[in-house]
Amino acid sequence: MKQTTAHSQPATILAFVGLPGSGKTTAVDFLTEQGYPKVYFGGVIYQAMAEAGIERTAASETKFREEIRAKEGKDFVVKRIVKQLHDLIAAGERHIVADGLYSWTEYKILKQEFGPQLHVVAIVAPKRLRHHRLAIRPGRSYTEKEANERDWNEIEHLEKGGPIAIADHYISNNGDLDTFHKDIAKTCKELHF
């Protein structure tokens, strides 16, 4: 449960990272339903796409994500996330969820900015299970080919392997939802989140 604490206590930021279909959104939803505020890396991209008048599809999203980072810099998204985090901290929030850390560049910038306040949690699941989840996901389903392409893109072009490899905590999401929620709650308890 969200706790109100003294304003002088440093904020704790729980940043979730994982390949598509691992369960990042499910983990974040579990915490935001308890009242924790979040910042959303993907939301920065979606907003930029909407402003550019680009329809969101699996292909357009992947292409835009690469193009905007090539044009504006690898720190395009994280600069906006850092500002959102500082705004939440200034408003008195002491426990914040960061949804969807993507790249090694983003990890390094967040770590430099927030140091020990940042705790990276990698959500992991077997590829076949992740791809099955992506295939049946409402509104944004992926074919097996699209899921494979997205995995490769996130590893090769967005350098997502780095933040997953160096994460502070790992949660395996290959069982039922209740077990997953219990594992998230256990990690939060360990962090006094």
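Taking residues in the stretch 125-153 that are at pLDDT 95 or above, and partners anywhere that are of a type in the set (G, A, S) and surrounded by fewer than 13 Cβ atoms within 10 Å (Cβ to Cβ), not one pair has Cβ atoms closer than 8 Å while being at least 6 places apart or on different chains.
Within the stretch 100-141, the residues that satisfy the criterion of being of a type outside the set (A, V, I, L, M), touching a strand residue (DSSP E or B) at 6+ places or on another chain (Cβ under 7 Å) and not in a helix (DSSP H, G or I) are G100, H119. If you filter the stretch 38-95 down to residues that are outside any strand (DSSP E or B) and among the hydroxyl-bearing types (S, T, Y), you find that the one that is modelled with the lowest pLDDT is T62.
Within the stretch 159-191, the residues that satisfy the criterion of being buried (at least 16 other Cβ atoms within 10 Å of the Cβ) and of a type outside the set (A, V, I, L, M) are E159, K160, G162, P163, H169, N173, F180, D183, T187, C188. Within the bounds of the stretch 161-178, is there any residue that is of a type in the set (S, T, Y) and under 21 Å from K108 (Cα atoms)? Yes, there is a match, as at least one residue in the stretch 161-178 is of a type in the set (S, T, Y) and under 21 Å from K108 (Cα atoms). Just so you know, in the stretch 1-37 the residues that are modelled with pLDDT of 95 or more and of a type in the set (V, I, T) include one that is surrounded by the most Cβ atoms within 10 Å (Cβ to Cβ), and it is V17. Apart from one condition, R128 fits all of (1) within 29 Å of C188 (Cα to Cα); (2) buried (at least 16 other Cβ atoms within 10 Å of the Cβ); (3) over 18 Å from the mean Cα position of the chain (by Cα); (4) of a type outside the set (F, W, Y); the exception is (2). Restricting the stretch 167-193 to residues that are among the small types (G, A, S) and out of contact with any strand residue (DSSP E or B) (no Cβ under 7 Å at 6 or more places or on another chain) leaves a set whose member that is modelled with the highest pLDDT is A185. Could you check, for the stretch 162-174, whether at least one of its residues is farther than 14 Å from G23 by Cα, touching a Gly at 6+ places or on another chain (Cβ under 9 Å), assigned to a helix (DSSP H, G or I) and free of Cβ contacts under 8 Å to residues at least 60 places away in the same chain? No, the conditions are met nowhere in the stretch 162-174.
The values are calculated or read from the model by the stated rules, or taken from the named source; none is laboratory data. Small disclaimer: the values here were computed from a predicted structure and weren't measured. Here the Cβ is made from the backbone with ideal geometry for all residues, glycine too, and neighbour counts use every protein chain on show.
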